[in-house]
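Rule-based calculations on the coordinates, nothing more; no lab input. The model shown is predicted, which means the values in this text are computed figures rather than measured ones. Every residue, glycine among them, receives a Cβ derived from its backbone with ideal geometry; neighbour counts consider all protein chains shown.
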Amino acid sequence: MVNPGSSARFRRVGVIIPARNEAARIGPVLAGIARQVDDVPVISMVVDDGSSDGTDDVARAHGARVITHVINLGKGAAMKTGCAAGLAAACDVLVVMDADGQHRPSDLPAMVGPILSGQADLVLSRRRFTGQMPATARLGNWGLTRLFTIMFGASYADTQCGLRAFTSEAYKHVDWLATGYAVETEMLVRAARAKLRTVEVDIETIYHDAYKGTTMLDGFRILGQMIRLRMSRS
């Protein structure tokens, strides 16, 4: 278990945003991120994962620090690059969020609040599996979340939502190998095994594009990763 902390010891919050071809949507996301949360400075760090539409230029125009992958390496790889950059920039609280507007910047204070107050090492967001979520995504998320509890004995309301916050110390425990969409599941397996203090925060369910994001094939890949992690302690 990671030692509790207090807001006095935190120096900087880094918001890590993996992005691929999100020039049309990333601007409002970055514009909505506050410069400070509870007097702790916030910096935005965009990992441009092989975009061809000028995502990097839009991100820089909105004041974000940009790290570029020349080719597309996958969401998990982009998140890993961003977290490494955040640690190098002396961020001791890291937040990962999507670039397409599915995660509201206004939820940032609620996400980092339990960490800054010393109540949590890891904060997860949870959506309602309602009609706002496409039917296939709703069924897939529900199934994977239930299977996670059965396989790993830990209960989280929404194992697939990507909006998460964690301390730099907690990152050492949840650091992942997955390069694709299985990253969210692997993080939670490692968090459960490390017995991290975890708080869940309700967020709005937002889908701009029913056909964007994880596919049925991605769901099977995530399930395969769950099976591998269940059979392994690494």
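Here are the numbers for this structure:
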item	result
At 1.306 mPa s and 10 °C, Stokes D of the chain from Kirkwood alpha-carbon radius, µm² per second	90
Label-point gap, in nm, between Val70 and Phe220 - each point 7 angstrom along Cα→Cβ	3.4
Dipole of region 12-59, positive end: most advanced residue of Gly32, Gly54, Pro18 [Cβ charges, Cα centre]	Gly32
Share, in percent, of DSSP beta bridges within region 7-231 that are antiparallel, nearest 5	30
